[in-house]
Every structure is written in C-alpha cells, then in structure tokens.
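Q: Structure in structure tokens, see below.
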Amino acid sequence: MNTLLKKIIQTCSVPGNAIYLRDLLVDELQKYGKIYHSKWTSFYCAHNKNSKKKKRNIVVTAHMDSPGFIVKNIEDDGRITIISLGGLSPGLMDTRSVILRTTSKTYEGIITLNEKEETDRRMATYSGFFGFSSQKEAEKKGVRVGDSVCFHSPIITMPNKFIAAPHLDNRLGIFLLVDIAKQLRDEDLDCNVYFAATDCEEMGGRGAKILANMIEPDIAICLDATYEEGNVKMGDGPVLTLADASVLLPTSVRDAVGEIAAQDKIPLQYEVYNYAGTDAKDFKDIGAGCLTLCLLIATLNNHSPHEICSLKDIEYTKKLVCSIIKSELAV
C-alpha cells in the first residue's frame, strides 16, 4: 500500500480541525507550486501558473475533513461527553475505538452511545472512556472542551486491491490531489492548474466557498467519495455525478467527459440523485459560472470506521483527471 496514502488516512482531520492534515499536505504540494492560504484552514497550490497567458483556470479540489466528533464536556469521573460532526448514524457508532486529540497529545479510547434508541445524530451524545480517573486528571493531561475525536480503526488490505479503513471519504480525494500534481509536474499545459484542499465539507462547505472566491476558476473538478449502489460498483472506475443537490450537468458535458474517458480506455460510471451533494455547490456559481465536474470513488460503508474501496479506482480517477486537464475541454 502507498506510504503517503496510509499516512493521510491515519491523520486525524474532522470538521473545523484539519490543521494536521493541512500541514502534511502543504509539505507535499509545495514541491509542485506556490502555496496560498485562506484565513481558515483551507489552502490551494498554484501548480502551473506562470507569466505565459493561459486561457483557463482549472481547480482540482478535495475536502480534508471526515465525519468525526468533538468534546462537549469533561465529566467529574473523567469520562468525556462528545457529539458527532458530520453525517454519522448513532446506531452504528456504539462501542467504537477512537482517538482523542488534544493540543499536544493523543489518547486512545472507546465511545458508547448514551441513549441506545436515539436515531437523530443532532441529539445523540456519546460517553468516551480514555482511562482518566477524574475531571481534574483529564484536564491536567490537556483535555479541553472542543478537542477533536476521530475513528481509530486498522487499515485492512484485501485481495483484488480492496482496502477497508476509516476516513476514505475523503482521504482518497486528498491523496489524489498530491498524486495528480506529481503526475502533471513537468507538463506544459494550456491552462492554469490549482490544487485546492477545503475544510468543513461535512458541515456545510465553508472552505470551498472561500477558495472558490480566491481562485475564480473556469472549471472545477471535485474529488470525493460516493456509495456503491445500483449500477455503481467499486473497481469499475470513477463516478461522474450528472445530478444531485449541488450540480446538474448538461448532456453535452456528460458526452464530452465520456468521450475523453473512452479515448484513453478509462472506465467511467454515472450517478443521478436529486438530493445530497458535495463542495461542487460552492464552485458552480462563481464569477460568470464555473463548469463543475464531480468525480467520485465508489465505497461501501461510507461514513463509518470501516469504509471499503478499490485501489484500482484511484488510478482510474487520476488518469481521467489528467486527461480532462490536457483535453480541449480545458482550453
């Protein structure tokens, strides 16, 4: 398994606290262009921008945050009350292994759902046991209200290039940002290319709004995860979103992307929803309008400690994004 992908998956990054993953990404992406930070956690890398006049600005973007938890209270007996951030089903979160990240240290522990019949994630609370004997001890060890808690599950490698791990939504997209930047490093492109890492997609998409205004792209390619369901299968290539709550692609764009994929023998799948969405919603209406493509990787058990994907889809998606950037669609 790729060492960088493993490191990205294992880095704690929940909505509102993506600084550790951001720092890792900045170290990687600064090899391929100049880094520009927003006033929040989100940032972008100007990969192919130079004095030569380019026709279009293209951004490849992925969100750094995965669903997780935040400390709500430190109880007298040292247990930690936490609530979820992002779309986590309470019934699936009972008795889970987690990591509590303070400002300077991490602690492993187990969370349990306080009200076993609770189904509303906005109301669910969890009790975290990290071995502290009292509130005083927890506070002495640096635990504070607002600290982050994330899943602590192993990465499992399986036959036929499948893996199971937490946080694949959207560490797969984050890994692709670096991998695509590396692939295009020495290309003389007819467009300016930016690689953008956003925050808070799982809680409303604040980071995407900020970067969309900073870059004002003509084309945005949003990398994210989706569900294996219906005709969408893991290992059968990236999934192009034709419709959801954030985008509605013209059939001409569908056909153009499909032709690019066919020419380079890249398998391509399609999905259609009338609900849900991605960071795409914050790019499509920027400036005079931005052509926004959602290229997603199919997963099982999305938003859980044991998400599953095919590593083949990472390669397929990288190839398709590079082909789109080098195509007439980007000129």
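Q: Only one of (1) surrounded by 15 or more Cβ atoms within 10 Å (Cβ to Cβ); (2) out of contact with any Asp or Glu (no Cβ under 6 Å at 6 or more places or on another chain); (3) assigned to a loop (DSSP other than H, G, I, E, B) is not met by Gly277, so which one is it?
A: The number of the failed condition is (2).
Q: I'd like the full set of residues that are over 18 Å from the mean Cα position of the chain (by Cα) and within 23 Å of Leu329 (Cβ to Cβ), limited to segment 215-231. Break it down stepwise before answering.
A: Just the residues of segment 215-231 that are over 18 Å from the mean Cα position of the chain (by Cα), to begin with: 215-219, 229-231.
Scanning segment 215-231 gives Ile215, Glu216, Pro217, Asp218, Ile219.
Q: Any residue in segment 283-298 that is in a helix (DSSP H, G or I) and buried (at least 20 other Cβ atoms within 10 Å of the Cβ)?
A: Restricting attention to segment 283-298, the residues satisfying the condition of being in a helix (DSSP H, G or I) are 283.
Subset that is buried (at least 20 other Cβ atoms within 10 Å of the Cβ): 283.
Scanning segment 283-298 turns up at least one residue that is in a helix (DSSP H, G or I) and buried (at least 20 other Cβ atoms within 10 Å of the Cβ).
Q: Quick one: Lys265 ticks every box in (1) surrounded by fewer than 18 Cβ atoms within 10 Å (Cβ to Cβ); (2) among the basic types (Lys, Arg); (3) not in a loop (DSSP other than H, G, I, E, B) except a single one, so which number is it?
A: For Lys265, the failing item is (3).
Q: Something else now. How many of the residues in segment 1-21 are crowded, with 21+ Cβ neighbours inside 10 Å and touching a Ser or Thr at 6+ places or on another chain (Cβ under 8 Å)?
A: 6
Q: In addition: Mind counting the residues in segment 109-120 that are surrounded by fewer than 18 Cβ atoms within 10 Å (Cβ to Cβ) and touching a strand residue (DSSP E or B) at 6+ places or on another chain (Cβ under 6 Å)? Give the steps one after another, and end with the answer.
A: Step one: filter segment 109-120 for residues surrounded by fewer than 18 Cβ atoms within 10 Å (Cβ to Cβ), giving 110, 112, 114-120.
Then drop every residue that is not touching a strand residue (DSSP E or B) at 6+ places or on another chain (Cβ under 6 Å), which leaves 110, 112, 114.
Qualifying residue count, segment 109-120: 3.
Q: Separate question: Inside segment 162-204, can you point out the residues that are of a type outside the set (D, E, K, R), under 12 Å from His63 (Cβ atoms) and surrounded by fewer than 24 Cβ atoms within 10 Å (Cβ to Cβ)?
A: Residues satisfying the conditions are Met203, Gly204.
Q: In segment 125-145, how many residues are more than 23 Å from Leu85 (Cα to Cα), in a helix (DSSP H, G or I) and either in contact with a strand residue (DSSP E or B) (Cβ under 9 Å, 6 or more places away or on another chain) or not assigned by TED's automatic domain parsing to the domain that holds Leu113 (or both)?
A: Filtering segment 125-145 down to residues more than 23 Å from Leu85 (Cα to Cα) leaves 131-137, 140-141.
Narrowing the set further to residues that are in a helix (DSSP H, G or I) leaves 135-137, 140.
If we keep only those that are either in contact with a strand residue (DSSP E or B) (Cβ under 9 Å, 6 or more places away or on another chain) or not assigned by TED's automatic domain parsing to the domain that holds Leu113 (or both) as well, we get 135.
Residues that pass the stated criteria total 1.
Q: Ok, one more. Of the residues in segment 175-197, how many are over 22 Å from Lys209 (Cβ atoms) and polar (S, T, N, Q)? Working first, answer last.
A: First, pick out the residues of segment 175-197 that are over 22 Å from Lys209 (Cβ atoms): 175, 178-191.
Within this subset, residues satisfying the condition of being polar (S, T, N, Q) are 183.
Counting residues in segment 175-197 that are over 22 Å from Lys209 (Cβ atoms) and polar (S, T, N, Q) gives 1.
Q: Which of the residues belonging to segment 242-290 are acidic (Asp, Glu) and closer than 20 Å to Thr61 by Cβ? Before you say what the answer is, go through the steps one by one.
A: To start, the set of residues in segment 242-290 that are acidic (Asp, Glu) comprises 244, 255, 259, 264, 271, 279, 282, 285.
Across segment 242-290, the qualifying residues are Asp244, Glu271, Asp279, Asp282, Asp285.
Q: Looking at (1) at pLDDT 95 or above; (2) in a helix (DSSP H, G or I), find the lone condition where Thr81 falls short.
A: Going through the list (1) at pLDDT 95 or above; (2) in a helix (DSSP H, G or I), Thr81 breaks only (2).
Q: Condition test on Thr299, is it modelled with pLDDT under 95, in the same structural domain as Asp190 (by TED's automatic domain parsing) and hydroxyl-bearing (Ser, Thr, Tyr)? Explain how you work it out, then say what you get.
A: Details: modelled with pLDDT under 95: no; in the same structural domain as Asp190 (by TED's automatic domain parsing): yes; hydroxyl-bearing (Ser, Thr, Tyr): yes.
No, not satisfied.
Q: Count, please, the residues in segment 299-331 that happen to be crowded, with 21+ Cβ neighbours inside 10 Å and in a loop (DSSP other than H, G, I, E, B).
A: 2
Q: Taking the criterion of being assigned to a loop (DSSP other than H, G, I, E, B), over 20 Å from the mean Cα position of the chain (by Cα) and not assigned by TED's automatic domain parsing to the domain that holds Phe175, would at least one residue in segment 36-57 satisfy it?
A: No: segment 36-57 contains no residue that is assigned to a loop (DSSP other than H, G, I, E, B), over 20 Å from the mean Cα position of the chain (by Cα) and not assigned by TED's automatic domain parsing to the domain that holds Phe175.
Q: Mind checking which residues of segment 205-223 are crowded, with 24+ Cβ neighbours inside 10 Å and in a strand (DSSP E or B)?
A: Ala220, Ile221, Cys222, Leu223, listed by residue number.
Q: Just checking, which of Ala262, Ala276, Ala256 is on the phi > 0 side of the Ramachandran plot and hydrophobic (A, V, I, L, M, F, W, C)? Before you say what the answer is, go through the steps one by one.
A: Values: Ala262 fails: on the phi > 0 side of the Ramachandran plot; Ala256 fails: on the phi > 0 side of the Ramachandran plot.
Exactly one residue qualifies, and that residue is Ala276.
Q: Given Ala225, Ala196, Ala208, Ala220, which one is among the small types (Gly, Ala, Ser) and over 20 Å from Ala276 (Cα atoms)?
A: Numbers: Ala225 fails: over 20 Å from Ala276 (Cα atoms); Ala208 fails: over 20 Å from Ala276 (Cα atoms); Ala220 fails: over 20 Å from Ala276 (Cα atoms).
Matching residue, one of Ala225, Ala196, Ala208, Ala220: Ala196.
The values are calculated or read from the model by the stated rules, or taken from the named source; none is laboratory data. Source: prediction; values computed, not measured. Because the Cβ atoms are built from the backbone with ideal geometry, glycine has one as well, and the counts that use them run over all protein chains shown.
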